[in-house]
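The values are calculated or read from the model by the stated rules, or taken from the named source; none is laboratory data. Note that this is a predicted model, so its numbers are computed, not measured. Here the Cβ positions follow ideal geometry from the backbone for every residue, glycine too, while neighbour counts run over all protein chains shown. For the accessible areas, the whole protein counts, side chains as well, though only heavy atoms, and no ligand, DNA or RNA atoms are used. Shrake-Rupley method; radii C 1.70, N 1.55, O 1.52, S 1.80 Å.
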Amino acid sequence: GGPHKVQTLLAEATLQVQEYMEPKSAHEHACVFIMPTYPTAAPRHFEAYLRPLDFIYTAVWNALEVPVTQVPIGLSKHEGLPLGIQIIASHGADSLSIAVAMELEKGGVAGWTRVGPVCDSSL
């Protein structure tokens with residue numbers, strides 16, 4: 001029980017994810033998962049403390065020790081807060097998650113969005 005049981009479960013889950021994501025033959029390519037970074041638009045400062053389980057979208061991949069690239073995809077319509085997706089690759093395939101993110105940016109699907117002026121000269 002206790003911490004040893006959690007470590008064992010995480011190790012097993014890590015192996016399962018890695019096995020699932022690895023190519024099975026020479027004709028198969030490595031895969032990525034694409035999913036939201038957060039269940040809502042980015043929370044305002046300190047708001048995330050009120051919803052502690054929302055971090056699971058990113059924490060699970062950190063616990064499984066696989067590479068993830070966070071990709072901004074724009075701003076929410078109502079609040080104007082950042083939205084993002086994450087590209088998850090298999091262990092050691094950091095370059096794959098980054099390459100997918102770069103292709104999404106080249107295709108206009110993702111990328112940084114300016115929210116306002118960098119410097120306000122009226123201050």
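Numbers below:
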| quantity | calculated |
| --- | --- |
| Nearest-ten-degree value, helix 2-21 long axis tilted from longest Cα axis of the chain | 90 |
| Derived scalar couplings ³J(HN,Hα) [the range 68-76; Karplus, 6.51 cos²θ - 1.76 cosθ + 1.60; whole Hz; x for Gly, Pro] | 9, 10, 7, 10, x, 10, x, 10, 5 |
| Carbon/sulfur fraction of accessible area - the range 46-93, other protein chains in place, 1.4 Å, % | 63 |
| Surface accessible to a 1.4 Å probe, per residue, for the residues of the chain, Å² | 73 |
| Over the range 5-90, relative contact order from alpha-carbon pairs under 8 Å, at least 6 apart, % | 36 |
| Using alpha carbons only: equivalent-ellipsoid semi-axes of the chain, gyration tensor based, whole Å | 32, 22, 10 |
| Counted charge near GLN16, where neighbours are those whose Cβ lies closer than 14 Å (Asp, Glu -1; Lys, Arg +1) | -4 |
| Hits among lysines - C-alpha to C-alpha of LYS106 under 26 Å, sequence gap 8 or more where chains match | LYS77 |
| ³J(HN,Hα), Karplus 6.51/-1.76/1.60, whole Hz, each residue of the range 78-85, x for Gly, Pro | 7, 9, x, 9, x, 10, x, 10 |
| Electrostatic dipole magnitude of the range 1-76 [Cβ: Lys, Arg +1; Asp, Glu -1; Cα centre; debye, to 20] | 240 |
